[in-house]
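**Q** What follows is a single structure, and I will ask about it in a moment.
The values are calculated or read from the model by the stated rules, or taken from the named source; none is laboratory data. What you see is a predicted model, and the numbers here were worked out from it, not measured in a lab. Note that each Cβ is placed from the backbone with ideal geometry, even for glycine, and that neighbours are counted across all protein chains shown.
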Amino acid sequence: MRLYVKARVYPTEDKEKVKIAILNLFENVEVEEVYENGELYIVARGKKKECLNKMREAIRRQAILDTVRSVLMASIEDNKRIRVKLNKQAAFAGSLNFYEDSILGYIEVVIEAENIYEIIDWLAPSTVD
């Protein structure tokens, strides 16, 4: 499994708060600052399913298993990748919320795995038999 997380740091934002937003949902990741086309991004990478533990916990704490599962299933690319956008402000507060327009942008999350369905089942198992 590979995890790639990326969030733009807007001029009005504190880059440390953007890092906190990412680390509130992902753990055991390597975090770095990256400049692309003159813009600052915080990028995090991980290689183990355990990187997703905080995200998994947030899904359960917020009781949003069905919603998350539906979004993840709809976000599958090439049967091996999920790409979703998370609300940066919600992540800073420790909550998982999928992105809807915000002036502060989003956190892009890409999860790749040989069996992406196993990752989805682990993150947000079906609540229907």
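**Q** Name every residue in the stretch 67-92 that is in contact (Cβ under 8 Å) with a residue 24 or more places away in the chain and surrounded by fewer than 13 Cβ atoms within 10 Å (Cβ to Cβ), in order of residue number.
**A** N79
**Q** Can you name the residue in the stretch 96-112 that is assigned to a strand (DSSP E or B) and not aromatic (F, W, Y) and, of all such residues, is farthest from V43 (Cα to Cα)?
**A** First, pick out the residues of the stretch 96-112 that are assigned to a strand (DSSP E or B): 98, 106-112.
So of that shortlist, the ones also not aromatic (F, W, Y) come out as 107-112.
Numbers: I107: 10, E108: 9, V109: 10, V110: 11, I111: 14, E112: 16 Å.
Within the stretch 96-112, the match that is farthest from V43 (Cα to Cα) is E112.
**Q** Every residue in the stretch 77-125 that is of a type in the set (D, E, K, R) and under 19 Å from E50 (Cα atoms), please. Give the derivation first.
**A** Residues of the stretch 77-125 that are of a type in the set (D, E, K, R), as a first pass: 77-78, 80-81, 83, 85, 88, 100-101, 108, 112, 114, 118, 121.
Hits for the stretch 77-125 are K80, R81, R83, E108, E112, E114, E118, D121.
**Q** Is it the case that some residue within the stretch 64-85 is part of a helix (DSSP H, G or I), among the basic types (K, R), within 19 Å of Y4 (Cβ to Cβ) and under 11 Å from the mean Cα position of the chain (by Cα)? It would help to see each step written out before you state the result.
**A** Of the stretch 64-85, the ones part of a helix (DSSP H, G or I) are 65-74.
Within this subset, residues satisfying the condition of being among the basic types (K, R) are 69.
Imposing the further condition that a residue be within 19 Å of Y4 (Cβ to Cβ) reduces the set to none.
Within the stretch 64-85, not a single residue is part of a helix (DSSP H, G or I), among the basic types (K, R), within 19 Å of Y4 (Cβ to Cβ) and under 11 Å from the mean Cα position of the chain (by Cα).
**Q** Scan E39, E57, E32 and give me the residue that is at pLDDT 95 or above and either within 18 Å of L96 (Cα to Cα) or touching a Ser or Thr at 6+ places or on another chain (Cβ under 9 Å) (or both).
**A** E57
**Q** Name the pairs: first residue in the stretch 39-53 and over 11 Å from V109 (Cα atoms) and crowded, with 16+ Cβ neighbours inside 10 Å, second residue modelled with pLDDT of 95 or more and basic (K, R), Cβ to Cβ under 6 Å, at least 6 apart or on different chains?
**A** Filtered contacts from the stretch 39-53: Y41/K6; Y41/R8; I42/K19.
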